[in-house]
Each structure stands twice: as structure tokens, then as C-alpha cells.
Amino acid sequence: AQSVTQPDIHITVSEGASLELRCNYSYGATPYLFWYVQSPGQGLQLLLKYFSGDTLVQGIKGFEAEFKRSQSSFNLRKPSVHWSDAAEYFCAVGEHGTNAGKSTFGDGTTLTVKP
Amino acid sequence: GAVVSQHPSWVICKSGTSVKIECRSLDFQATTMFWYRQFPKQSLMLMATSNEGSKATYEQGVEKDKFLINHASLTLSTLTVTSAHPEDSSFYICSARNGQGGTEAFFGQGTRLTVV
């Protein structure tokens, strides 16, 4: 069965500093991978996704992620964090075939941004 | 495109009553919809997969008689929480997959259920 691990429960960075959120997955085939952001009391917003092709994926709000098959990782990065980036971040793996669209989420990483 | 709308955004109900949450795909036909539950400060957990015109498939540990799912049309799935109790208070989120060869599902904005 597929699984997603986000090793960091909570990360604090200073505004303007770079950010990397880790995500490791387990899936039997080439995975569909997603990063979502969730502000308190809100729904999910899709930041970026990887299906195939270029392993460096650009997303919204200046985020990018790199798919590394050898490490089973899909880490999210941002070169300069803004205070408005403080939120909960979820990595997810999506299934293929008849179960396409079914997603398994990691436990999330809470990002705090210091002024 | 690919807009999914949930209604209501939030609902408060009394213990013992039932509440229905709607999930609509606004600009595509969704043969499959998924229902997730998120407890405070936790991740999203899949409750069930809803296929148009057939019975839902529930994940292990989810009571199908308590969480009734109906997917009667290609644009609407409903989740009814029956005989709600305070422990059912949670954030419920649906997602919908385009039936025309879709490879991903698009999420609604979620429904905050509070049972008092």
C-alpha cells in the first residue's frame, strides 16, 4: 500500500530565509505526487504536482519541488519565505488506473515564519 | 475549470440528528468522488470512494451505516452523517475526478461539522 512520510512535524524559519519541506513516499509504480497548503480553518490549495517528465516542478507562490526516484522523495522548496507562507503543508501520493484520484496524505508539516 | 463545490461550508447540529453535506463538480462530470475526514491538527484520512450509480466503497474502520454516501448523478455526491455525536465533529472534504480520463481529483473547500 502507498504511504507518505513527512519527517518534520514543525519547522520555523525566518522571513526571507529559504525553506525545504521533506516528503518521502512509498508506491509501487511511478507516483503521482502533490503538495498542498492549508491555512487554519480553510480547505486545501494545490501548490504543485508531478506526474511525469521534468523532475523539477514549478508551482504557485514561488514554490518548487524535485522528484528523486532514487530517494523516493519529493521535497518542497522556496528560496525566500514570506510571512504569509505560514500554514500547514501536506504532501500526497495519488493512485493510478481505476483508483486514479484517490490520495494518501502525509501527516503534514506546520510552518511558522518568524519576523 | 475543474471546480468542486461543497455545501455547506460549516454546520452546527444537535447530537442525535443527521446532517447532509453536498459535493458538486461544477464544470465536469465526476464518475468518482472521494470523501475525507480531517480531525483538528491531523491529516486527511480517506473515508470512502463514491462511484456514480453504485454503492460506495468504505475504508476499513468507517461505519457505512453512519456515514451514508449517495452518488446519484455525475455531478453530485452527498455524505450524510446519521445520528451525529460530538466525536463526529470534524472537517469533511470531498474531491472529484473527471470521468473523461481524469488522473487526479480536485478538492472542494471542505465542510466544518460541529455537533453539540
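Quick one: count up the residues across the range A:40-74 that are surrounded by fewer than 12 Cβ atoms within 10 Å (Cβ to Cβ) and either hydroxyl-bearing (Ser, Thr, Tyr) or within 14 Å of another protein chain (Cβ to nearest Cβ) (or both).
Looking only at that region, the number is 5.
Looking only at residues that are within 14 Å of another protein chain (Cβ to nearest Cβ) and touching a Leu at 6+ places or on another chain (Cβ under 7 Å) in the range A:75-89, which one is farthest from A:Glu20 (Cα to Cα)?
Across the range A:75-89, the extreme among qualifying residues is A:Ala87.
A:Lys102 is checked against (1) open to solvent by 30 Å² or more (accessible area, probe 1.4 Å); (2) in contact with a strand residue (DSSP E or B) (Cβ under 9 Å, 6 or more places away or on another chain); (3) more than 11 Å from chain B (Cβ to nearest Cβ) and fails just one. What number does that condition carry?
(3)
So which residues in the range B:33-49 are in contact with a Lys or Arg (Cβ under 8 Å, 6 or more places away or on another chain) and open to solvent by less than 10 Å² (accessible area, probe 1.4 Å)?
Within the range B:33-49, B:Met33, B:Phe34, B:Leu44, B:Met47, B:Ala48 qualify.
Here is a list: B:Glu63, B:Glu87, B:Glu52. Which entry is surrounded by fewer than 21 Cβ atoms within 10 Å (Cβ to Cβ) and in contact with a strand residue (DSSP E or B) (Cβ under 6 Å, 6 or more places away or on another chain)?
B:Glu52
Pick from the range B:71-116 the residues that are away from chain A (no Cβ under 14 Å) and part of a strand (DSSP E or B): which of them is farthest from B:Val3 (Cα to Cα)?
B:Val115
The values are calculated or read from the model by the stated rules, or taken from the named source; none is laboratory data. All of these numbers come straight from a predicted model, not from anything done at the bench. Glycine also receives a Cβ, built like all others from the backbone with ideal geometry; neighbour counts cover every protein chain displayed. The protein model used for the area step is the full one, side chains on, heavy atoms only, and it has no ligands, DNA or RNA in it. Shrake-Rupley method; radii C 1.70, N 1.55, O 1.52, S 1.80 Å.
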